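All remarks here apply to the structure that follows.
Values in this text are rule-based calculations from the coordinates and carry no lab data. Fair warning: this is a prediction, and the values are worked out from it, not measured in the lab. Neighbour counts run over all protein chains shown; Cβ positions are idealised from the backbone, glycine included.
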Amino acid sequence: MKFGITTNMTWFGAPIIETAKIAERLGYESLWMGEHIVIPVDIADPYLYGVALPDTYKHMPNPFIWLTAAAAVTSRLNFGMDVCLVPQRNPLILAKEVACLDRISNGRFMFGVGAGWIKEEAAIMGYPFEERWARTVDCVLAMKKLWTQEQASHDGKYVSFPPVYCYPKPVQQPHPPVLMGAGNPNTKAMPAILRRTADIADGWVPSFFSPQEMKQHLSTLKRLCEERGRDFARMQISLIVPGITLGVLSGAVPWMKGMDTTPRNTGELLAQYEEAGVHRILVGFPDLMPETASRTLEQAAKALGIG
């Protein structure tokens, strides 16, 4: 089992360079960041998982710049996005950003893709909310061509361009793993998420599912992969699990209000996830602050038995 760190890296929080160095020293396998380019001031339904949108979501930095800085001072730590809001970005520029980060990190980048959940955010960024997933799929298909073809072109419903050169190409071949970042116990669209994963992704990064739920969903994903002639065994399966639930952290986290945060037996829970088919646990940390980050990461690493 691999263990990654996932947290909201605010611009004023624990410095990314020091956090990455600590994570690598402690034996974590990867460090993950999400993004919101902007947060609308007025949101009709500002709730995520049944609780109010965390205030610090306003303060997310550009993950490509932050992770590039982290990659430059580490040699083993992998980096992932959970997730990049693909429909909010120009796929031509995004393909180059992903390839450049993969180059600088020497093949240590995993590209988690998502579509966002704030309706007003989509409108501000220039597209109808209802089109977010269709645009995401079209963008991913276009970027795969840009990463793998010398003269790439694409003619999709939302993305279209004539033959172009797009360099550098990624270190990882044929490209960094594209991971579908979507799905949690409150998600109603699980069939569509699993179909998209089987169609275009190299793995899946959902959140908060129990071992029993993951086992059921992965059985469905395996069937969908087989129907498409894809090798399910090559899928990278990661899962975001709050550190409190894992029993490796203590204390309240505001955004988890209303969720079941009863600590489990760490060893037993990890064994159940591994048996279900999960390859990597992304330990959910509270926002890391300069004065507490090192101690918090060390506490969890010790409880996980890594390092």
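Here are some notes:
- Simple point charges give the picture: +1 on the Cβ of Lys and Arg, -1 on the Cβ of Asp and Glu, and for the range 1-54 a dipole about the Cα centre of about 260 debye.
- Under 5 Å between amide hydrogens, built in the peptide plane, is the criterion, and for Phe79 it picks out Leu31, Phe109, Met110 among residues at least 5 positions away or on other chains.
- Violating pairs (Cα-Cα greater than 29 angstrom) within the set Lys119/Lys215; Lys215/Lys302; Lys2/Lys222: Lys119/Lys215
- Net charge of Cβ neighbours under 12 Å - reference Ala72; Lys, Arg +1; Asp, Glu -1: +3
- Computed from backbone phi, the HN-Hα couplings of the range 142-152 come to 5, 5, 4, 5, 5, 6, 10, 10, 5, 10, 9 Hz, rounded to whole numbers (Karplus: 6.51 cos²θ - 1.76 cosθ + 1.60, θ = phi - 60°; Gly and Pro given as x).
- Cα-based shape type of the range 150-243, given that a ≥ b ≥ c are square roots of the gyration tensor eigenvalues and the cut on a/c is 1.5: prolate
- Expected 222 nm ellipticity per residue - DSSP helices of 4 or more, -39500 (n - 2.57), all of the chain, to 500: -11000 deg cm²/dmol
- Selection among Phe209, Ile118, Gly27 by position relative to the dipole of the range 2-304 gives Gly27 as farthest towards the positive end (Cβ unit charges, Cα centre).
- The range 234-248 - phi-based ³J(HN,Hα) in whole Hz, Karplus 6.51/-1.76/1.60, Gly and Pro as x: 8, 6, 8, 10, 10, 8, 7, 10, x, x, 5, 4, 6, x, 10
- The Rg/Rh ratio of the chain, with both radii computed over alpha carbons and Rh defined as the Kirkwood radius, is 0.94.
- Packing here is the average count of other Cβ atoms within 10 Å per residue, and on that basis the peptides 292-301, 75-84, highest first, run 75-84, 292-301.
- Backbone phi angles across the range 274-288, fed through the Karplus curve with coefficients 6.51, -1.76 and 1.60 (θ = phi - 60°), yield HN-Hα couplings of 5, 5, 6, x, 7, 9, 9, 9, 8, 6, x, 9, x, 3, 7 Hz in residue order; Gly and Pro are listed as x.
- Here the relative contact order of the range 79-226, from alpha carbon pairs under 8 Å that lie six or more residues apart, stands at 23 percent.
- All other residues whose Cβ lies under 12 angstrom from that of Val98 are scored, Lys and Arg at +1 and Asp and Glu at -1, for a net of +3.
- Arg223, Arg195 arranged by Cβ crowding within 10 Å, fewest neighbours leading: Arg223, Arg195
- Radius 10 Å from Cβ of Ala198, net charge of other residues (Lys, Arg +1; Asp, Glu -1): +3
- Global form of the range 32-93, assessed from the alpha-carbon gyration tensor, a/c cut-off 1.5: prolate
- Contact order normalised by residue count of the range 2-304, Cα under 8 Å, 6+ apart, percent: 21 percent
- In straight-distance terms, cross-link reach from Lys96 covers every one of the lysines whose alpha-carbon lies under 16 Å from its own, apart from those fewer than eight places away in the same chain; here that gives Lys144, Lys145, Lys169.
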